[in-house]
Structures are given as C-alpha cells and as structure tokens.
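Asks: One structure, as structure tokens, below. Some questions next.
Quick note: the coordinates plus some simple rules give every number you see, no bench work behind them. The structure displayed is predicted, hence computed values, not measured ones. Positions of Cβ are generated from backbone atoms using ideal geometry, with glycine treated the same way; all protein chains shown enter the neighbour counts.
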Amino acid sequence: MTAKLLNPGPVTLSERVRASLLGPDLCHREPEFAELQGEIRRRLCQVYPSDGYDAVLVAGSGTAAVEAMVGSLVPWDGRALVAVNGVYGERIAAILRLQGKTVDVAKSDVLAPIDLAAVEAQLGRARYSHVIAVHHETTTGRLNDVPALGALCRRFGVPLLLDGVSSFGGEAVDLAGWNVEAIAATANKCLHGVPGLSFVLVRRSAFAKRDSAATSLYLDLYRHHADQERGGTAFTQPVHVCHALCEALRELEDGGGWQARQARYRRLSTWVFGALAARGVKPLLAIAEPSSAALTAYRLPAGRSYADLHDAMKAAGFVIYAGQGALAQAIFRVAVMGSLDDDDVARFVAALDRHWAE
Ligand SMILES: *Cc1c(COP(=O)(O)O)cnc(C)c1O
C-alpha cells in the first residue's frame, strides 16, 4: 500500500486524476494540445472571479511560476518591497537579488504576522513598483492578512504580486479587491494535480503597460502569454501533466469549487487538531491566529523526536512533514490537501493516538 501524503504537495491523487495521466499522447504544436491548453487556462480563470486576468502556464514546480512572475513583472528601473515572515517570503527576496532587481524587505519574526506598520512606513519612504507577499506561508501554516496588505497597496497605488502556491484553489482569493497584479501557483497543491506545471494569473493590462523585464529566456511570462494567446506554446509542455491538471480543475468544479474544498480542508484539519489537543500537542500558532484550512503546524512535545513520529506515521501509511529553516527541529506539519477520505483521517488519528500513548 502506498502511503497517503499529508505533506503540502505533491498530493495523493484521486483515481479520476490518476486515470487522466493515460490520456492521449499529443504534439504540443497540434490543435488537440491547443484545445487542452485553452481549457486549462480558461478553467484557471474560473476558480475565482478573474475578469481582466489571463492565465499563463509555466512548466516547472511552483518556484518556477514565482520566479517567472517577479522576473517578468518587476521592472529594471523599479523597486520591490517583499513582506517576509517565513521561508517562502525569504525565497522571493533571494530570487529578486539573484535577478539583480532592486529589492527591500519588511521582515517580521517567523511566528508573527506580516508587519503591516513596517510595510506602510516603507511605502511612505520610497517609491515602489510592487509589493510582494506570500498568501499562505507554508512554513508555519499562517494565512497572511492579504486583505489588509492589499488595502494598504491600494492606498499607495502600488500593485501586489502574490505567491499563492499553497492557497490557490483552497482559500479565498480576491484578485481585484486586493489590488493583485499577478498571483503565482501550482498544479499539485490545492488544485490536486500532478507536479510539473505551474502558472501565473496576470492582469492583462500589465502586458500592455510595459515591456517584459524578464531575466530568463525560459521564464519570460510575456513571451509565454503571447504564444499561449495564439494557441501555441513557446516550449514543450508536460502534456500528460496538462491532462491531469485539466481533469483536476473539472473535479474541483464538480465538487463545488474552492469554497467546498476549503470547507473540507477545514473540517479535516479541525479533526486532526482535536485529536492532537487531546494528547496535549500544541499548535505552533496561537489558536486565535488564522492558520490556513489546508495545513497546521504543531510543536513537537519535549522529548519527542520528529524522526520517531515520522517513521511511526509512515509505518501506519501516512507521510507527515518536517519543519523548515529555524523551525526544523521544533515542529511537524500536517496538510490535508489531496484525495483523502474520512476513513483515511480516522486511521491517521488512530495511529497518532497509538504513538502518543506509547
Ligand atoms: C510549495 C511552495 C512553493 C513552491 O515550491 P515548489 O517546490 O517549487 O513547488 C512556493 N511558495 C509556497 C508558499 C509554497 O508552499
């Protein structure tokens, strides 16, 4: 029996999505592929109200989409402000530095919310072309207060670029309301597709307003957008991964869209949370603070090792996830993305119970 994945992507596939991987072999220059790509792009813009936005597909994992987004959109003569409160925010700043773009960071502690006062002070001090932030900071499971950040950006007339890699499809996203110029995400987290394909939803006007600032030939969103709008593709697409994402998007719609998925994640996360609380295991974030529906981080109790917990869960058929960065030794994370039924969660909770009783 293969283990059920309780890591934040790649996820356990539904049988429906798995079967779609055996879809027809297609040449990426033929009309059959253009049709598939067109359906994916259309469906990506239907997950949330996306009037005025176009989906641009990028081969690669979520980081490829983030790199394409900031590389192509932050102008060479611009200045980006990254709000950082975790590993993925740090990664965005690191990408911009490698690209040679001008970047400032408003950093808060990994356990704290985004420092909105610091962002506001920075926005008052210098002229920024973009504010950039992570929606769901997977490092801690915190769902950042993007509505408040977006309102701040709107007040200063600065567009927001979002890393929505671990929230797209499983949390509320208000592109127009949050002043979002672009959001980057991936096939294989809350959308329940296969790893290998990522995408950026971009405000169409951004393509008309200025030239590409791309730092990479392969990750140039402007080029991909122009080619995909014509029904083509600049480079070879992962055809079977595209079949899977298309089927996963149909499945999301059939199941009631992001709202139903978020509600299901929340129910499963609350179930696991309750079982751990009964054993005295504490969440990393205070309960009143907003964790995402999809992932919760827990403190490892004193005297317990992550390796023991991981191995016991794996033996019971579940892969959990370690902490990252400064939290690597202190926490473990449980994600409920992917095709999990209630019976899976009941077995997981029973296995946790056995482990903690030892
Ligand atoms: C998973 C993730 C990414 C991208 O990771 P990949 O391994 O490249 O898919 C980026 N940002 C966040 C917030 C993530 O959770």
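Asks: Over region 214-358, what relative contact order in percent results from Cα pairs under 8 Å that are six or more residues apart?
Replies: The value is 20 percent.
Asks: Largest first and in whole Å, what are the equivalent-ellipsoid semi-axes of region 32-106 based on the Cα gyration tensor, each being the root of 5 times an eigenvalue?
Replies: 28, 13, 13
Asks: While we're here: Just to confirm a number: summing +1 for Lys and Arg and -1 for Asp and Glu over residues other than Arg250 whose beta-carbon lies under 10 angstrom from that of Arg250, what do you get?
Replies: Around Arg250, the surrounding residues sum to -3.
Asks: Mind putting together the pair-distance distribution for region 102-239? All Cα pairs, 10 Å bins, whole percent per bin, short to long.
Replies: Histogram of Cα-Cα distances, whole percents per bin: 10, 37, 36, 15, 2.
Asks: How high is the relative contact order of the chain, in percent, counting Cα pairs under 8 Å that sit 6 or more residues apart?
Replies: Averaging sequence separation for qualifying contacts and normalising by length gives 25 percent for the chain.
Asks: Given a cut-off of under 8 Å on Cα pairs at least six residues apart, what relative contact order in percent is computed for region 1-144?
Replies: So the answer I get is 19 percent.
Asks: Count the net charge of all other residues whose Cβ sits under 11 Å from the Cβ of Val194, scoring Lys and Arg as +1 and Asp and Glu as -1.
Replies: 0
Asks: If you restrict to DSSP beta bridges whose two residues both lie in the chain, what percentage is antiparallel, to the nearest 5?
Replies: 55 percent
Asks: In which sequence would Ile183, Ile40 go, from the one with the fewest C-beta neighbours within 10 Å to the one with the most?
Replies: Ile40, Ile183
Asks: Separate question: With +1 on each Lys and Arg Cβ and -1 on each Asp and Glu Cβ, and nothing else charged, work out how big the dipole of the chain is about its Cα centre, in Debye to the nearest 20.
Replies: It comes to approximately 680 debye.
Asks: How large is the translational diffusion coefficient of region 267-358 in µm² per second when you combine the Kirkwood radius over alpha carbon pairs with Stokes-Einstein at 25 °C and 0.890 mPa s?
Replies: Answer, rounded: 183 µm²/s.
Asks: Using the Kirkwood radius over Cα pairs, work out the Stokes-Einstein diffusion coefficient for region 193-244 at 25 °C and 0.890 mPa s, in µm²/s as a whole number.
Replies: Result for D is 199 µm²/s.
Asks: Rank by packing, highest mean first: peptides 45-51, 206-212, with packing defined as the count of other Cβ atoms within 10 Å averaged across residues.
Replies: Descending packing order for the listed peptides: 45-51, 206-212.
Asks: Same structure again: Between Ala326 and Ala94, what length in nm is gained on full extension when 0.36 nm per residue of separation is reduced by their alpha carbon distance?
Replies: The Ala326-Ala94 span can extend by a further 81.8 nm.
Asks: Quick one: net charge of Leu162's neighbours, Cβ under 15 Å, K/R +1, D/E -1?
Replies: -2
Asks: How large is ³J(HN,Hα), in whole Hz, for each residue of region 288-299 in order, when computed from phi with the Karplus curve 6.51 cos²θ - 1.76 cosθ + 1.60 and θ = phi - 60°, using x for Gly and Pro?
Replies: Values per residue, Gly and Pro as x: 5, 7, x, 7, 5, 5, 7, 9, 10, 9, 10, 7 Hz.
Asks: So the label point goes 7 Å from the Cα of Phe235 along Cα→C-beta, right? Which residues of region 38-67 then have their backbone N under 18 Å from it?
Replies: So the set is 56-67.
Asks: Then there's this: I need the Kirkwood Rh of region 77-128: take the reciprocal of the average 1/r across all distinct C-alpha pairs and report it in angstrom.
Replies: Evaluated on region 77-128, it is 11.3 Å.
Asks: From the C-alpha gyration tensor of region 171-268, pull out the three semi-axes of the equivalent ellipsoid (sqrt of 5λ each), sorted largest to smallest, in whole Å.
Replies: The answer is 27, 19, 11 Å, longest axis first.
Asks: Roughly speaking, what % of Cα-Cα pairs in region 7-135 are separated by over 17 Å, rounded to a whole number?
Replies: 70 percent
Asks: Contour minus end-to-end for Ala260 and Asp341, with contour as 0.36 nm per residue of separation and end-to-end as the Cα-Cα distance?
Replies: 27.7 nm
Asks: Same structure, new question: Take the Cα radius of gyration of the chain and divide it by 2.2 N^0.38 Å, with N its residue count; two decimals is plenty.
Replies: Ratio of Rg to 2.2 N^0.38 Å for the chain: 0.99.
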